[in-house]
Structures are given as C-alpha cells and as structure tokens.
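Heads up: the structure comes next, in structure tokens.
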Amino acid sequence: MPPQQTPEAFVHWLRGASPYINAHRGRTFVITFGGEALAGGGLAELIHYLALLDALGVRLILVPGTRPQVAARLAAQGEGGAYAEGLRVTTPAAMEAVKEAAGLVRTEVEARLSMGLANSPMAGARIRVVSGNFVTARPIGVRDGVDFGHTGQVRRIDGEAIRRQLADGNVVLLSPVGYSPTGETFNLSAIEVARSAAVAVGADKLLCLTEGGMTTESGALARELSPADARAWRAGQPADGDLPRTVSAAIAALEGGVRRAHLIDRQCAGGLLLELFTRDGVGTLITAERFEAIRPAAIDDVGGIIELITPLEQAGVLVRRSREVLETQIGDFWVMERDGMVVACAACHPYPDDGVAELACLAVHPDYRQGGRAGALLARAERELAAHGMGRLFVLTTQTAHWFLERGFVAGALGELPVTRRAMINYQRNSKVYIKEIA
C-alpha cells in the first residue's frame, strides 16, 4: 500500500470496486493499444493491469498495434512511408517491416505476460497466451486512385476458435496482420482487427487505449456518448485522424452487438483500471444503453434509497423514514440510476380527491449534485402527475425554499394542504409550504 494511502481509503476504494469485480468476472473484453505503448516504456504497467484483469476472471483478447515499430524499421532502411485514408500504403518492403514488427511485438507481449517474479505485480501469475491465424483478410486494392498494395481489411474472424481458447482460460493475442486463402499476408489496422474480433466473439466491451482523449468543443473530456453523439463528434474531425477512426470502429462495434466501447487516454495513470472499476471512469464511454436513467422505484431499491437519504435525515434536511415506511411507500418513489447505483430519488404522494400531490424525499448523491438531476426528477414528477389529473404539486421544506422558488413554486399556507396531510404534519419542524400549478 502506498504510504500516502490510509487503510480506510483502501477499504473504501475496494468496496466501491467490488460491484465491478463481480460484474466483469467471466466477461469478454477486447483491448487494443498502439505500438506507442511498447515504444514509450509504458508496457510494464499495462501488462500488470492485464494480468490483474486475467486474475479477476476477465476473458481477454489483446490487439497491439505496430505502427511506430514499422516506421522505425523503414527509416533504418532509408524508406519513407505513404498514407491514405489514415492507412499505410504497404509496399513489399513495408510488408517485410510489418512482419518483423508484428513478430517482435507479439514476442514482447507474450514474454511480459509470462513473467512471475516474486515481489512483483506478476508474482504467481500463470497466464497462457495463444495467437494464430484467426484473422482472414483480403486486399483493399485500388481506392480513389491509390493502390494500397499489401494493406488489407478483415474478411473474417474465426470467432468460434477464439471463444474456445477463452473458455480454456487462455489470453488471445491478435496481431494486426491477416492471411488470405491463397497464402498472402496483409497489413491490417489494429483497431479494425479489434472491432471485428469484438463483434465476432460477442464481446461485452471494446477498450481502446488512445493517444490523447476524446474532448468536446470546450476542451473538456467527453464522458458518455450515444452512437449518434459519437457520429456527430466524428463529423467535425479530420476523416483520416487516428482518434476519429477509432471512434468509427467503436460505433461499428456497437452496431455489431458489442454493448459498450471505451476510449481511454493511454497516458492517464491507471486509466484502464479506473475506467473499469470506478463508477464514472476516466475515459469516454460510447454505448446505446442508457447509462443514467429515471425509472419507478422497485422494492430492491430501498437499500439504495436509505443509503442516499440517511445523511440528509441526520442533517435535518429530510424527515426520518424507517425501512418499513419506505417499503410501504416504494410505489410512490422515482429513482435516478447510474450504472446500477441510485444517485437520486424523489417521492410523489398523490391526494386524488383533492387533485394535488406532494413532492417529498427529493435527494441527490453528493457526487452528482451539479448535473441538474434534482430538476430532472422534478420535471419527470410534474409530467407524470399532470398526466394522472393532478393540478397542483406542493412541498414542505425547511432548508431548500429558494431552490423551489426558482422552479416556479410559490409560498403557500398549511390550510391549503389536504386535510389528511395536515393531520400528519410535525409542527416542531416548522416546515414552509410551497405550491406549484402543474396543469
């Protein structure tokens, strides 16, 4: 344990990671990274992370790139390199360099994964790595007047053979080269091999370690994108850029059935583990699934609601509610769920005879209070209540009056509340009444 990390902090982190450790066990991840990861000296750390994932029961398919290694060999021979559409135009000389680089990278990765020195993160590791002719390719040929030579594209991935290797506990290593039925060898894009492999085996995740992060127009990291959002981002980027091509491959993987694609800046310390074992990650998630959604609460949400509202009850912001009360009233609750965790909740108690409803127990997790989630829950409640004939919404509050005033509520009086609700009021709290017309 690092000296600056307290045992309490470690236990807190491990508790937070536990749901993901369980969720990832037995899942299939395709992880691709550029040859820069080897050339830049970051391979040792990456290998340690991969070994940990293997130890935690994740089924791994690794697809390393070789571009800097190929470029170095060509430069040593006095050869240049031509590119089109972001792909190398592979001459016969370049193809020889590709074969050499692919063999070197494969050997280096296999050697590192075979380490088991005591007093190292690899101590006790028994990782078996398998590679082979899993990738069938064909030439790109001539496109827009450019002869791509020995540059190819994936024709087929032997997904069944790869799945058998994964089932046997092996890590599968795919080089960015492919073979044709006629015995030819082709230089392939690593990200396209990774995308094709993810689709062929039905992977749960495609993880791309990139050279730089995916940012918005303001320069902030793009955190969660739908495929449509990702397409819009890509449309504003150079078509032949490495990152846009990676985004295109991620979108294609999702269209092929992969659930989630992650883009992680390779330079981010511990980025792979932070992306996989923390709720918000450090990279960009592209998925067609709703990562955060508002839904009616279920009985299984009671524990999450209690954890969320207890600090606010202790601070006097919310009225204390027992588990029994929550279980009885769970049908009135809405929750906002973020990747399996309840991060916000609200209750709407209707009084149909009076045509009004009470908004109660509105709470948002401290880590997520800047994203407009309380407002989203309020808006959802207003729509649902109006659809069921409720004309007004009221709230009793002691500390958040201004928040409600900013959202259209006006000060009211206790006498305006339903008689049955007035009978249950704790007058010692001295709560103020605010009312909003919603229909």
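Looking only at residues in the stretch 385-410 that are buried (at least 17 other Cβ atoms within 10 Å of the Cβ) and among the aromatic types (F, W, Y), the one that is nearest to H349 (Cα to Cα) is F394.
Inside the stretch 373-387, residues that are under 13 Å from A293 (Cα atoms) and either out of contact with any Cys (no Cβ under 8 Å at 6 or more places or on another chain) or not assigned by TED's automatic domain parsing to the domain that holds M341 (or both) make up a count of 4. When you scan the stretch 185-207, do you find a residue that is aliphatic (A, V, I, L, M), crowded, with 18+ Cβ neighbours inside 10 Å, assigned to a strand (DSSP E or B) and modelled with pLDDT of 95 or more, even just one? There is at least one residue in the stretch 185-207 that is aliphatic (A, V, I, L, M), crowded, with 18+ Cβ neighbours inside 10 Å, assigned to a strand (DSSP E or B) and modelled with pLDDT of 95 or more. I'm trying to understand the selection: among the residues of the stretch 61-93, which are touching a helix residue (DSSP H, G or I) at 6+ places or on another chain (Cβ under 6 Å) and closer than 29 Å to A203 by Cβ? Passing the criteria: I61, V63, P64, G65, T66, P68, Q69, V70, G86.
Only one of the numbered conditions (1) part of a loop (DSSP other than H, G, I, E, B); (2) without any contact (Cβ under 8 Å) to a residue 12 or more places away in the chain; (3) not acidic (D, E) is violated by G257, and that is (2). Highlighted here are the strands (runs of 3 or more DSSP E) found entirely within the stretch 318-435 that include at least 2 residues which are within 19 Å of A297 (Cα to Cα): 333-338, 341-351, 356-364. Listed by position, the helices (runs of 4 or more DSSP H) inside the stretch 31-96 whose residues that are of a type in the set (A, V, I, L, M, F, W, C) and touching a Pro at 6+ places or on another chain (Cβ under 8 Å) number at least 3 are 36-39.
Summed over the stretch 39-61, the residues that are within 16 Å of C268 (Cα to Cα) and either buried (at least 17 other Cβ atoms within 10 Å of the Cβ) or not acidic (D, E) (or both) give a count of 10.
The values are calculated or read from the model by the stated rules, or taken from the named source; none is laboratory data. This structure is a prediction, so every number in the text was calculated from the model and none was measured. Cβ atoms come from the backbone with ideal geometry, glycine included; neighbour counts cover every protein chain shown.
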